[in-house]
1. Consider Arg50 against the criteria (1) modelled with pLDDT of 85 or more; (2) part of a helix (DSSP H, G or I); (3) open to solvent by 30 Å² or more (accessible area, probe 1.4 Å); (4) closer than 25 Å to Phe167 by Cβ: it satisfies all of them except one. Which criterion is unmet?
2. Need pairs with beta-carbon distance below 7 Å; first residue modelled with pLDDT of 85 or more and within the stretch 1-28, second surrounded by 10 or more Cβ atoms within 10 Å (Cβ to Cβ) and among the charged types (D, E, K, R); sequence gap 6+ or separate chains.
3. Residues being touching a Leu at 6+ places or on another chain (Cβ under 9 Å), part of a helix (DSSP H, G or I) and either hydrophobic (A, V, I, L, M, F, W, C) or open to solvent by 40 Å² or more (accessible area, probe 1.4 Å) (or both): count how many of those fall in the stretch 174-202.
4. At least 3 residues that are modelled with pLDDT under 85 in each: list the helices (runs of 4 or more DSSP H) lying fully within the stretch 62-162 that qualify.
5. Which residue, of Leu18, Leu39, Leu31, is within 28 Å of the chain's Cα centre (by Cα) and surrounded by 12 or more Cβ atoms within 10 Å (Cβ to Cβ)?
6. For the stretch 110-139, enumerate the residues that are more than 23 Å from Glu60 (Cα to Cα) and without any contact (Cβ under 8 Å) to a residue 40 or more places away in the chain.
7. Conditions: (1) touching a Leu at 6+ places or on another chain (Cβ under 8 Å); (2) part of a helix (DSSP H, G or I). Gln291 meets all but one. Number of the miss?
8. Looking only at the stretch 262-275, count how many residues are under 13 Å from Arg236 (Cα atoms) and either part of a helix (DSSP H, G or I) or hydrophobic (A, V, I, L, M, F, W, C) (or both).
Amino acid sequence: LVDKRPTWGAARRNVTSLALEPLADEAMDELLAGLVPGLAPGVRDRIRERAEGVPLYAVETVRMLVDRGALRREGDRYVPVGEVADLEVPETLQALIAGRLDALSQVERSLLQKASVLGKTFPPAALAAVSDTSEDELQPLLVGLVRKELLGVQADPRSPERGQYGFLQSLVQKVAHDTLSRRDRKALHLGAAAYLQQNWAAEEGEVVQVIASHYLDAYEADPTASDAEAIQDDARDFLTRAGERAAGLAAQEEAQRYFLRAAQLTSDEAIRADLMLQAGIATDLSGRIGQAEPLLREAVASFQ
């Protein structure tokens with residue numbers, strides 16, 4: 001972030017920048033001792049060395065040991081099942097999470113991959129739709145993934161997301177999504193878009209951006225497919241609607257981004273001209289007149 005936006009947060013009264021440094025060795029040891037009292041010193045040292053001060057790495061390693069049956073949960077802590085021998089800890093956090101996913105059953109892994117397309121959180125009905133499975137069949141699998149600490153469930157009765165499931169870590173969702181084939185990724189994103197259009201028609205304004213992102217991901221998964229042009233048109237249509245909604249809510253910078261992205265998805269000069277015009281207007285309304293002028297000139301050139 002700092003490399004790409006060196007002035008981010010500068011001269012703003014309501015912004016405080018806080019650097020999160022790696023945890024010290026003593027803090028990592030305390031974390032591991034709190035999670036797994038009695039963990040062999042050699043295993044603890046190995047985890048600490050590889051984690052390099054990143055607590056999530058240490059926690060995911062402990063969860064991997066649970067998956068392997070080397071630890072069991074008792075209350076809010078884990079205890080060793082016999083003596084935990086030394087172990088090979090993957091070099092990266094992504095590899096560690098991928099190893100945990102590989103240890104799942106084929107059904108569990110496939111379900112987690114399908115869930116990853118829906119986002120960080122998702123309702124069971126959406127997962128049932130994209131996986132072509134009933135919610136009753138999904139329930140024991142979801143409970144098992146919660147028990148293995150890959151997913152969590154929102155149980156707060158006051159929350160509008162009560163009953164929804166979600167990935168405990170965003171990186172788990174990313175790794176699961178990245179392991180999908182392009183063909184499966186495309187099919188699942190199209191399925192998710194269809195589900196949202198079918199079930200959220202009355203409130204489409206609130207999910208139009210999500211539908212747009214699903215069509216865009218489906219198009220980018222296989223831009224040379226025979227149906228790529230039709231998917232591209234759907235992506236452009238929903239991006240345009242997302243831009244119009246953002247503009248209607250006075251979120252002009254967001255509107256500009258949607259219009260510009262939509263303009264990249266057409267070779268029709270008339271459509272592109274209109275999208276560049278809307279992007280220029282949104283930029284102007286946000287007070288960035290200098291950035292609006294080239295967009296409006298580009299719109300004029302397309303119109304001509």
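The values are calculated or read from the model by the stated rules, or taken from the named source; none is laboratory data. All values reported here derive from a predicted model rather than from experimental measurement. As a convention, Cβ positions derive from the backbone with ideal geometry for all residues, glycine included, and neighbour counts pool all protein chains shown. Heads up: the accessible areas ignore ligands, DNA and RNA and are worked out on the full protein's heavy atoms, side chains in. Shrake-Rupley method; radii C 1.70, N 1.55, O 1.52, S 1.80 Å.
1. Tallying (1) modelled with pLDDT of 85 or more; (2) part of a helix (DSSP H, G or I); (3) open to solvent by 30 Å² or more (accessible area, probe 1.4 Å); (4) closer than 25 Å to Phe167 by Cβ, Arg50 fails exactly one: (1).
2. Pro22/Glu52; Asp25/Arg48; Met28/Arg48
3. 4
4. 93-102
5. Details: Leu18 fails: surrounded by 12 or more Cβ atoms within 10 Å (Cβ to Cβ); Leu39 fails: within 28 Å of the chain's Cα centre (by Cα).
Result of the check over Leu18, Leu39, Leu31: Leu31.
6. As a first pass, look at the stretch 110-139 and keep what is more than 23 Å from Glu60 (Cα to Cα): 123-139.
Listed by number, the residues that qualify are Leu127, Ala128, Ser131, Asp132, Thr133, Ser134, Glu135, Asp136, Glu137, Leu138, Gln139.
7. Failed condition: (1).
8. Taking the stretch 262-275 and keeping what is under 13 Å from Arg236 (Cα atoms), we get 262-268, 271-272, 274-275.
Checking which are either part of a helix (DSSP H, G or I) or hydrophobic (A, V, I, L, M, F, W, C) (or both) leaves us with 262-263, 265, 271-272, 274-275.
So the count comes out to 7.
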